[in-house]
1. Restricting to the range C:88-122, give me the number of residues that are more than 10 Å from chain D (Cβ to nearest Cβ) and in contact with a His (Cβ under 6 Å, 6 or more places away or on another chain).
2. Can you name the residue in the range D:7-30 that is part of a strand (DSSP E or B) and within 17 Å of the chain's Cα centre (by Cα) and, of all such residues, is nearest to the other protein chains (Cβ to nearest Cβ)?
3. Does the range C:60-76 hold any residues that are surrounded by fewer than 19 Cβ atoms within 10 Å (Cβ to Cβ) and either aliphatic (A, V, I, L, M) or touching a Gly at 6+ places or on another chain (Cβ under 8 Å) (or both), and which are they?
4. All but one of (1) closer than 29 Å to D:Leu76 by Cβ; (2) surrounded by fewer than 18 Cβ atoms within 10 Å (Cβ to Cβ); (3) at pLDDT 95 or above hold for D:Ser140; state the number of the condition that does not hold.
5. Of the numbered conditions (1) touching a residue at least 12 places away in the same chain (Cβ under 8 Å); (2) under 29 Å from D:Asp116 (Cβ atoms), C:Thr85 fails exactly one; give the number of that condition.
6. Mind telling me which of the residues C:Leu118, C:Leu96 ends up being buried (at least 18 other Cβ atoms within 10 Å of the Cβ), in a strand (DSSP E or B) and in contact with a Leu (Cβ under 7 Å, 6 or more places away or on another chain)?
7. Out of curiosity, is C:Gln112 farther than 14 Å from A:Gly81 by Cβ and at pLDDT below 95?
Amino acid sequence: MIKVCFFADLRERLGCAELFVQDFSGENINQLKTFIVKQHPHWEKIFLEKKLLIAVNHAMASNDTAIAAGDEVAFFPPVTGG
Amino acid sequence: MIKVCFFADLRERLGCAELFVQDFSGENINQLKTFIVKQHPHWEKIFLEKKLLIAVNHAMASNDTAIAAGDEVAFFPPVTGG
Amino acid sequence: MRNLVRVQTDDFDLNKEYNRLITTNSTCGAVVLFSGLVRDFIPPQQLVSLELEHYPLMTETMLGKLSMQANARWALQRTTIIHRTGKLLPGDQIVLVGVSSAHRTDAFEAAQFIMDKLKTSAPFWKKETLMPNPDSKPESYWVSAKDSDEQLAQRW
Amino acid sequence: MRNLVRVQTDDFDLNKEYNRLITTNSTCGAVVLFSGLVRDFIPPQQLVSLELEHYPLMTETMLGKLSMQANARWALQRTTIIHRTGKLLPGDQIVLVGVSSAHRTDAFEAAQFIMDKLKTSAPFWKKETLMPNPDSKPESYWVSAKDSDEQLAQRW
């Protein structure tokens, strides 16, 4: 199982803050995106958004970052703090 | 008459804080230096010090800055405040 | 504690943090403090409030990493990063970055580095509620990231 | 008063100056404060005191010019330059530079510019009284200007 978190604008557009992905057999973020979109086809356009940032276990990551069961993955728009 | 001020290390080495120069007929700082050294020959070496800074009427100046009677001229070592 | 990181809803006291940054053995020669505040719009637009969302498990870790990176690049004595979350009003303090060092250039550069990197890599998001003019209804928008911030972060 | 310049023997209160820098109409987004302190030597050397001489008629004029130059180059709201003179002890505050602006880069760069230029063009001189080791007699030296300060001033 992989815990997936969404933040800010993305959370509001998806209408989802946390998603628990079961039975994922892929190896990286790209494959996780494809897996999620297959289950939630109307999210496809949102996941194609180039500027979407990715974190794996609270560290910045990219589309080819490896993931495994037990990881926490987060997707969010460019940050605007400070 | 030109009022000449000396500061910090320079003031101590010359043993002089203020000098009132009378009958100076030159036109710039270089000529003032020569004039002062003529009256105080033992200051010659000190006035040849390349790094000596110059101010005329409280603004930074250089050897060729024009001066006239009534001006206040200051000589001092590189500054070390802050 | 050499490097302090705090993410909190409460306000912070800049003067208290200044005193903490000055090391007690008088080897501190320079302190640089940056304070970021909630800026109101230019009338007739008016900012009603700002809501700061963050990724709680990630923010403090990220800010701690920034402190460590700054310490690796510059000769620093102490660093402080405090970032507020939740609902803020115009004029409120949002973020404090403080750095102490023996020489001023280290403190200046490290404080800028931390702010530039925080702006592009710390998981905070601002949502503004504003009045387009005094008679209109309040509207809410997520603030967009600025390209200029990305460029400032790239220079380090 | 947009630009404050003070040369004084008295200490200053950083927090009071911070509050002055924040404009009251909430258009201030960034404040950068720099505080320079009297730094002690590394043991066994010990700094007894620091005497700051200046050129009274020139210092405030020079610092006022620096504020104006900073305002001409960056979009600033308020600036503060306070420099102390006379006898200071290890840990004492010497100089405060504060800048407020809408955006952080203006405040950061202007504060650095003012400090770099102050270091090479404001007529202050430091004389240190130090103990080479705890059992020796105190000795006094005029501090030498640093080439690195000249280089930092040249970059603007």
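The values are calculated or read from the model by the stated rules, or taken from the named source; none is laboratory data. None of the values given here were measured: they were computed from a predicted structure. Virtual Cβ from ideal backbone geometry, glycine too; neighbours counted across all protein chains shown.
1. So the answer is 0.
2. Here is the first cut: in the range D:7-30, the residues part of a strand (DSSP E or B) are D:7-8, D:30.
When the remaining residues are screened for being within 17 Å of the chain's Cα centre (by Cα), the result is D:7-8.
Details: D:Val7: 10, D:Gln8: 13 Å.
Ranking the qualifying residues of the range D:7-30, first place goes to D:Val7.
3. Keep residues of the range C:60-76 that are surrounded by fewer than 19 Cβ atoms within 10 Å (Cβ to Cβ), which gives C:60-61, C:64-65, C:68-69, C:71-73, C:75.
Listed by number, the residues that qualify are C:Met68, C:Ala72, C:Ala75.
4. If we test D:Ser140 against (1) closer than 29 Å to D:Leu76 by Cβ; (2) surrounded by fewer than 18 Cβ atoms within 10 Å (Cβ to Cβ); (3) at pLDDT 95 or above, just (1) comes out false.
5. Of (1) touching a residue at least 12 places away in the same chain (Cβ under 8 Å); (2) under 29 Å from D:Asp116 (Cβ atoms), only one is false for C:Thr85: (2).
6. Values: C:Leu118 fails: in a strand (DSSP E or B).
Answer to the check: C:Leu96.
7. Numbers: farther than 14 Å from A:Gly81 by Cβ: yes; at pLDDT below 95: no.
It is false that C:Gln112 is farther than 14 Å from A:Gly81 by Cβ and at pLDDT below 95.
Rundown of residues vs (1) surrounded by 14 or more Cβ atoms within 10 Å (Cβ to Cβ); (2) out of contact with any His (no Cβ under 8 Å at 6 or more places or on another chain), yes/no style:
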| residue | (1), (2) |
| --- | --- |
| A:Glu27 | no, yes |
| A:Leu32 | yes, yes |
| A:Leu48 | no, yes |
| A:Ile54 | yes, yes |
| A:Met60 | yes, yes |
| A:Ala68 | no, yes |
| A:Gly81 | yes, no |
